[in-house]
Structure formats: structure tokens, C-alpha cells
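To start, the structure itself, in C-alpha cells.
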Amino acid sequence: MILPPLELVKISWNSLSLEPWVELTESTRKVQADVGRGDAYLKAEEKLLDVIRSRNFGVLPALLQKRVAVRALTQLWLDDPDVLKRLMSPKLLEIIVDAQQPRLGRVPLLNMIQLYFNEFDNLDRISGENDSALREAFESMLVHQIEKVKIPDEELVADDLVSIVQQQGNWILKIDGPAQLVKFSIKNDITLEEALYKFGLKGFDSGRYADVCRAHYYIETLHEIDEQEWSPIFDELLHHDVSKAPYGSQGKRVGHAALEVLIDRATEASEAWQDFMLSLAGDPRVSSRVKSYREWWAPLGEQRVEKVRGWFSKQDLRLFLQALEQYGEATDNTELKRMFPARKTFLEGLFRLKLIKSTRLMLGSKAEYSVRNILKNELKVNYIKLDGQLSDKAIIYLDCGDFHLIEGSHSFKLWVYLAPPSRKYVGYEVTSLSHFDLTNMVPASYKKDYPSLEYTAVVHSPSAWQNKVFNFLAENGISLDVESLLSREDYRRYVARFGLPVVMPAKRYVARSSREASSDDGADQKENHLNVGRSNSVLSPLAIQILLYLHRRPDSKARDISRHLGLPLKAINHVLHSDLQGYCIQASNFNWINSGEGERVLKNSGVMGDEK
């Protein structure tokens with residue numbers, strides 16, 4: 001029989017004719033889903049659900065003696081998040097394993113493997129804080145159960161999940177399994193998807209394990225991205241489920257690894273990179289008790305944190321200058337606008353000369369509004385709030401090593417100190433300050449701690465304020481590159497009018513008050529003026545402080561000195577290895593002690609005699 005060509009056969013179906021097919025399709029799907037779910041299975045499932053409703057968990061050990069009940073429970077774990085949350089714990093896993101001797105059935109085991117790759121580290125968050133070791137317990141249970149499965153060599157299948165876990169379980173199930181899988185894909189020049197397929201995980205590419213793999217893949221990508229631009233990888237890493245994914249076996253997260261890569265790569269992080277760090281981890285210039293600091297910055301180590309704090313100091317300075325300029329424009333303050341370029345050149349010059357070690361930004365409510373208006377987005381950097389009459393002010397504290405500045409936006413003097421103001425007013429734990437604090441309490445505290453050290457408060461007069469700062473510092477033995485802190489025109493005018501300042505010999509050395517250093521030392525150490533020289537050079541105030549600490553606590557680590565003085569570890573190490581070479585000695589255990597020369601310096605200076 002000759003049939004017409006297929007394209008000539010036209011069959012049209014009305015909607016009523018199709019309805020039975022739809023019902024049949026749905027019925028088939030339901031039958032397929034219920035395969036293996038006979039009466040015994042359904043009864044076991046109902047009993048498990050009744051346990052949840054009645055909270056009668058005492059019946060579980062007896063109920064889970066039946067293999068059908070274990071099969072029903074493991075399927076419920078996969079299908080119902082509420083059941084997973086209510087009926088999952090390390091103890092319950094132990095009960096199941098003990099009840100199903102000699103080993104679990106194949107279907108429950110496959111369900112558990114699937115659940116493990118679906119949830120992975122999320123397992124630790126399913127049943128609350130008391131079950132924080134659930135993932136580890138799950139991993140151990142799977143390894144032991146799969147070891148009991150006997151699979152003949154001829155039946156091993158490349159993509160069979162039980163076979164793969166039996167062969168690769170020593171690494172693929174571990175918390176750093178995703179990291180190892182990513183390294184495998186990169187080493188063998190294959191895509192992550194191909195690696196997942198190779199190890200039988202293609203069907204779990206939407207599960208948590210695969211998500212963690214992708215997060216690790218992003219970390220590897222960070223080694224190659226442009227240092228000046230915002231990378232699309234940053235958008236992925238800012239998702240909490242990505243940044244908080246486990247990384248390695250030391251308790252670190254993917255977010256920690258991302259921060260470490262960026263910090264270690266950059267000498268000076270771009271604004272784009274800094275914005276990512278702030279968005280992910282918050283500002284590190286906060287009290288060490290703050291949750292964001294403990295969670296994100298503390299695990300990175302002090303050296304990295306100090307490096308980032310230095311970068312954000314530039315951000316503080318930029319925001320301060322923007323607020324200053326914005327206020328002048330908004331209020332049409334002619335005098336302020338005229339003086340702005342000189343103040344900007346002075347402050348940016350300090351930064352270019354690498355004199356600024358750290359900063360603290362302070363904003364009144366109106367100044368904060370101006371800054372937010374400039375940024376057009378959330379103000380992420382940490383700052384001190386200014387109260388009362390300072391509501392329209394922006395103020396910045398600058399630690400310049402040998403001297404310290406507190407500079408305000410307008411109608412506020414430039415305060416110059418020769419030693420650090422009390423951390424009670426400029427420390428990272430400070431959240432708010434008043435005009436009285438800055439203009440009365442800070443100088444009063446300074447004079448109490450350093451009774452013989454001078455300070456000055458300079459009014460921003462149009463023609464002479466820089467000269468007053470330069471002369472004050474020069475009289476106290478501090479030399480500045482004046483030309484770098486003035487515009488070309490202002491420099492010529494300055495030299496013609498004042499000449500260059502004559503820097504006096506450095507004579508003053510400060511041993512900071514023990515109240516500033518550490519509460520564990522009850523001695524009320526006074527300020528001391530020393531005059532110690534070696535090879536036409538003198539020891540810095542910080543070097544004297546370190547020698548005094550080692551006199552009191554010989555055989556101490558650099559980190560102990562850093563914590564005691566409240567100063568960066570990097571600065572302490574620099575002084576120990578450079579300025580104090582010959583004055584103190586590092587032992588084989590890396591601890592430090594004063595040499596005879598160091599003790600002689602302290603004795604001759606009178607510091608030891610002044611101790612009470």
C-alpha cells in the first residue's frame with residue numbers, strides 16, 4: 001500500500017480531545033513517583049510524620065529498625081525541608097546505623113549521598129547550633145557505610161555515585177573536597193562542569209557542594225583580574241552563600257580567601273577593590289570586639305589588617321576633603337573656598353610623603369549628609385559621630401608617626417601634637433565625640449600623660465597657618481619637605497616671606513603613660529625627656545618605649561609589645577630590627593631581650609629611676 005508523504009498528513013486536535021492526554025500524563029508521573037512506595041512504605045512515612053506532629057521522638061529507635069522506615073525517612077529528607085530540619089541530627093544518624101546492621105540498604109545510602117552533596121556545609125545549620133558537627137558526622141557515616149558495600153571490579157561504573165565515593169571518598173567528601181576538585185580541573189585544563197561530571201556529580205550541579213566548588217573557582221580567578229577594575233567575580237562573592245562557603249579545613253571561608261588574595265596582590269588597592277572589601281567585610285578600623293571584625297578581619301592576621309587600614313586612610317582623607325569642598329560650595333563661603341586648595345595640597349602632600357600611618361574620620365550629621373550625597377550610595381567606612389555644635393563639621397585625625405594632627409573642615413583649629421592623643425578619643429572603639437572632647441579633654445589628657453611635651457592649635461589664617469605648623473614641628477626636631485606640602489606659587493611666596501624653617505636637634509623622648517598602653521600594668525609611668533645618641537643619630541620615642549617594655553618583661557614577643565603599646569605589629573618589628581639593632585637581641589625562640597647597651601641607655605636616661 002502506498003502511503004501519502006508524511007508532510008501531507010494533517011491532524012488537528014481540539015482542546016477537549018487533548019484533556020484526557022494531559023490527565024494520563026499526570027497520572028503516569030504520579031505512578032512513576034510512587035514506584036517502590038507500597039502500603040508498608042506509606043504507613044512508615046505516615047508514622048514518621050506523626051512523630052513530628054506529636055513530638056514523640058522516643059518511638060524512632062524501634063521504628064527505624066525496619067528498612068522500609070529508613071528508606072521513607074531518607075526520601076522525606078530529600079523531599080521535605082521541614083522534615084529534614086525536624087528529624088536530622090548526629091544522634092539520629094547513629095541510631096539509624098546501629099539499627100540497620102550490618103549496613104544500610106542501597107536506596108537509603110544513595111538518598112544520603114544525594115542529600116550530602118545537595119546540602120554539604122549547610123548540614124551544620126539545619127538543626128541549630130547544637131548540631132554544628134552534623135556535616136562531619138554525615139561524612140564519617142557515609143565513608144564507613146560505603147566501605148561495607150562490595151562492588152565487583154567488573155561492575156564498577158565510572159559515573160556510579162556509590163562507586164565514585166568508594167574510590168574517592170578519602171577526599172571528595174571532606175570539607176576541602178571542593179577546593180581539591182577545583183585544583184584538579186585547573187591542573188588538567190578542564191572546565192569545572194567537566195570535573196563534576198567526571199566524579200559523578202553532574203546531577204548535583206545545583207546543590208550546595210557544586211556552589212562551593214564554583215566559589216573556589218572564583219578564588220582562582222581572582223589571581224588574574226585587573227587590579228584597577230570592579231570584576232564580575234566580586235558580584236558573585238558578595239552573595240552570602242558564596243562568601244560564607246567553607247574554604248580549606250582551618251575554619252576559613254571563601255570570603256577570607258578572596259580578601260587574602262586581593263590584599264596580598266595589591267601594593268595600593270584601587271577604589272574598586274577597596275569598595276569590594278568594605279562591602280564584604282566592613283571597615284577594619286573598628287573595635288576588635290565588633291562582630292564584623294571578629295568574623296572577617298581577625299582571621300586574616302594583623303599584618304594584612306594594617307595594610308588595609310593604611311589604604312582606607314586615603315579613603316578617609318578623600319571623604320574629608322570632599323566634605324570640606326562641598327560645604328564651601330553649598331554655603332558659598334568665600335573664605336573657605338579660597339583656603340581649600342592650600343589645605344588640600346597640605347594634606348595630600350602628607351599622604352604622598354607616606355607620613356600618614358592611620359586616620360580616623362569624624363562627621364557631624366550635616367557633614368555626613370553631604371558625604372552621602374557625594375557618594376550616591378551607602379557610606380561604608382567607619383567614622384566617629386560628632387555631636388552638638390559640630391553637626392556641620394568634618395574632622396580628621398592623622399597619625400603621622402612623629403607628630404599627630406586633628407584637622408577640621410571650617411571654624412576649627414588645626415591641632416598639632418608631638419605624641420599620640422589618648423585612644424579614649426581617637427581609638428577604633430570610639431563612636432562619638434563632642435566639641436568639648438576635642439578642644440578641652442584631648443589636650444588636657446595629653447598634658448597629663450606628657451606634661452613636658454608641647455602642642456599647638458593653629459587658626460587657619462590665610463597667609464601664615466602653614467608657617468606656624470612648620471615652625472612648631474621644626475622647633476621640636478621634626479623636619480618636613482615644605483615644598484611638597486605647598487603649591488608651587490605658595491612655596492615661592494612662603495620662602496620669600498619666611499625662609500625655610502631651621503630644624504632644632506631632637507631632644508625629647510616620650511615613654512607613654514601606662515594608662516595608654518595596657519590595663520594589666522598598674523605602674524604609673526611618667527613622661528621622660530631623654531638625650532641619647534649613637535653614631536650621630538638618636539633613638540625615637542617608640543624605640544625608648546620598646547626598650548622600657550623589654551626591661552620590665554624580658555623575653556617577650558614583638559606581638560606582646562604591639563598589644564601593650566596599642567601600635568601596629570609592623571611598626572614594632574621595624575623598630576626592633578632597624579632602630580634597636582644592638583640595643584636588644586632576638587633569641588632562638590624569636591623572643592626579644594634588652595642587651596647591655598639597651599639597659600645602659602635606660603639607666604642613663606633616668607627612665608628606670610622614675611618608675612614607681
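Only one of the listed residues (231, 243) is polar (S, T, N, Q), outside the structural domain of residue 166 (by TED's automatic domain parsing), within 20 Å of residue 124 (Cβ to Cβ) and in contact with a helix residue (DSSP H, G or I) (Cβ under 9 Å, 6 or more places away or on another chain). That residue is 243.
The residue list 83, 22 contains one member that is at pLDDT below 90, assigned to a helix (DSSP H, G or I) and either outside the structural domain of residue 122 (by TED's automatic domain parsing) or closer than 24 Å to residue 207 by Cβ (or both), which is 22. Out of 403, 346, 351, one residue alone is touching a strand residue (DSSP E or B) at 6+ places or on another chain (Cβ under 7 Å) and aromatic (Phe, Trp, Tyr). It is 403. The residue that is nearest to residue 540 (Cα to Cα), counting only those in region 372-395 that are among the β-branched types (Val, Ile, Thr) and under 24 Å from the mean Cα position of the chain (by Cα), is 384.
Checking each residue in region 270-296 for being closer than 13 Å to residue 259 by Cβ, among the small types (Gly, Ala, Ser), touching a residue at least 12 places away in the same chain (Cβ under 8 Å) and assigned to a helix (DSSP H, G or I) picks out 279, 281. Suppose the filter is β-branched (Val, Ile, Thr) and modelled with pLDDT under 50; does residue 532 pass it? The answer is yes for residue 532. Filter region 427-446 for residues that are surrounded by 14 or more Cβ atoms within 10 Å (Cβ to Cβ) and not polar (S, T, N, Q) and give the result. Across region 427-446, the qualifying residues are 427, 428, 430, 433, 435, 437, 438, 441, 442, 443, 446. Report yes if residue 484 is more than 38 Å from the chain's Cα centre (by Cα) and either of a type in the set (Ser, Thr, Tyr) or surrounded by 17 or more Cβ atoms within 10 Å (Cβ to Cβ) (or both), otherwise no. Judged against the criteria, residue 484 is not a match.
Scanning region 384-394 for residues that are hydrophobic (A, V, I, L, M, F, W, C) and within 13 Å of residue 425 (Cα to Cα), which turns out surrounded by the fewest Cβ atoms within 10 Å (Cβ to Cβ)?
Within region 384-394, the match that is surrounded by the fewest Cβ atoms within 10 Å (Cβ to Cβ) is 384.
Filtering region 552-568 down to residues that are assigned to a loop (DSSP other than H, G, I, E, B) and among the basic types (Lys, Arg), which residue is farthest from the chain's Cα centre (by Cα)? Result: 553. Among residues of region 297-311 being in a helix (DSSP H, G or I) and of a type outside the set (A, V, I, L, M, F, W, C), the one that is surrounded by the fewest Cβ atoms within 10 Å (Cβ to Cβ) is 303. For region 168-183, a residue qualifies if it is part of a helix (DSSP H, G or I), closer than 18 Å to residue 140 by Cβ and in contact with a Leu (Cβ under 8 Å, 6 or more places away or on another chain), and the qualifying residues are 169, 172.
Which of the residues that make up region 55-88 are β-branched (Val, Ile, Thr) and without any contact (Cβ under 8 Å) to a residue 24 or more places away in the chain? Break it down into steps so the answer makes sense when it comes.
Pass one, region 55-88, residues β-branched (Val, Ile, Thr): 59, 68, 70, 74, 83.
If the condition is that a residue be β-branched (Val, Ile, Thr) and without any contact (Cβ under 8 Å) to a residue 24 or more places away in the chain, then 59 is the only one that fits.
Hey, can you tell me all the residues within region 234-245 that are touching a Phe, Trp or Tyr at 6+ places or on another chain (Cβ under 8 Å) and crowded, with 19+ Cβ neighbours inside 10 Å? Correct list: 234, 237, 242. Checked against the criterion of being of a type outside the set (Gly, Ala, Ser), closer than 25 Å to residue 315 by Cβ and under 15 Å from the mean Cα position of the chain (by Cα), the candidates 259, 222 yield just one match: 259.
You will find that of 491, 509, 549, the residue that is at pLDDT 85 or above and either under 29 Å from residue 444 (Cβ atoms) or in the same structural domain as residue 600 (by TED's automatic domain parsing) (or both) is 549 and no other. Looking only at region 472-494, residues that are in a helix (DSSP H, G or I) and out of contact with any helix residue (DSSP H, G or I) (no Cβ under 8 Å at 6 or more places or on another chain) come to 8 in all. Within region 162-177, the set of residues being without any contact (Cβ under 8 Å) to a residue 60 or more places away in the chain and of a type outside the set (A, V, I, L, M, F, W, C) comprises 163, 166, 167, 168, 169, 170, 177.
Taking the conditions exactly as written (buried (at least 17 other Cβ atoms within 10 Å of the Cβ) and either farther than 21 Å from residue 212 by Cβ or at pLDDT 85 or above (or both)), does residue 181 satisfy them or not?
For residue 181, the condition - buried (at least 17 other Cβ atoms within 10 Å of the Cβ) and either farther than 21 Å from residue 212 by Cβ or at pLDDT 85 or above (or both) - is met.
Any residue at all in region 376-387 that's farther than 24 Å from residue 284 by Cβ and either touching a Leu at 6+ places or on another chain (Cβ under 8 Å) or at pLDDT 85 or above (or both)? Checked region 376-387: at least one residue is farther than 24 Å from residue 284 by Cβ and either touching a Leu at 6+ places or on another chain (Cβ under 8 Å) or at pLDDT 85 or above (or both).
The residues of region 62-80 that are part of a helix (DSSP H, G or I), among the charged types (D, E, K, R) and either under 25 Å from residue 208 (Cβ atoms) or outside the structural domain of residue 112 (by TED's automatic domain parsing) (or both), listed by number, are 71, 79. Of the numbered conditions (1) surrounded by fewer than 19 Cβ atoms within 10 Å (Cβ to Cβ); (2) of a type in the set (Lys, Arg); (3) farther than 19 Å from residue 379 by Cβ, residue 314 fails exactly one; give the number of that condition. Only one criterion in (1) surrounded by fewer than 19 Cβ atoms within 10 Å (Cβ to Cβ); (2) of a type in the set (Lys, Arg); (3) farther than 19 Å from residue 379 by Cβ is unmet by residue 314, namely (3). Among the residues of this structure, residue 250 does not count as one that is more than 24 Å from residue 432 (Cα to Cα) and in contact with a helix residue (DSSP H, G or I) (Cβ under 7 Å, 6 or more places away or on another chain).
Evaluating residue 59 against the criteria (1) more than 26 Å from residue 163 (Cα to Cα); (2) part of a loop (DSSP other than H, G, I, E, B) leaves one unmet condition, (2). The residue of region 411-426 that is farthest from the chain's Cα centre (by Cα), among those that are surrounded by fewer than 17 Cβ atoms within 10 Å (Cβ to Cβ) and closer than 21 Å to residue 388 by Cα, is 411.
For region 426-461, give me the residue count where each residue is of a type in the set (Ser, Thr, Tyr), in contact (Cβ under 8 Å) with a residue 40 or more places away in the chain and out of contact with any helix residue (DSSP H, G or I) (no Cβ under 7 Å at 6 or more places or on another chain). Spell out the reasoning first.
Residues of region 426-461 of a type in the set (Ser, Thr, Tyr): 428, 431-432, 434, 439, 445-446, 450, 452, 455-456, 461.
Of the ones still in play, those that are also in contact (Cβ under 8 Å) with a residue 40 or more places away in the chain are 428, 431-432, 434, 450, 452, 455-456.
This time we only want the ones that are out of contact with any helix residue (DSSP H, G or I) (no Cβ under 7 Å at 6 or more places or on another chain), so: 428, 431-432, 450, 452.
Number satisfying all stated conditions: 5.
Scanning region 440-497 for residues that are small (Gly, Ala, Ser) and within 20 Å of residue 426 (Cα to Cα) yields a count of 3.
Somewhere in region 361-368, is a residue surrounded by fewer than 16 Cβ atoms within 10 Å (Cβ to Cβ) and among the polar types (S, T, N, Q)? Checking region 361-368: at least one residue is surrounded by fewer than 16 Cβ atoms within 10 Å (Cβ to Cβ) and among the polar types (S, T, N, Q).
Residues of region 323-347 that are charged (D, E, K, R) and over 13 Å from residue 396 (Cα atoms): 325, 329, 332, 335, 337, 338.
The values are calculated or read from the model by the stated rules, or taken from the named source; none is laboratory data. This is a predicted model, so every value here is computed, not measured. Don't worry about glycine lacking a Cβ; one is built from the backbone with ideal geometry, like all the others, and counts go over all protein chains shown.
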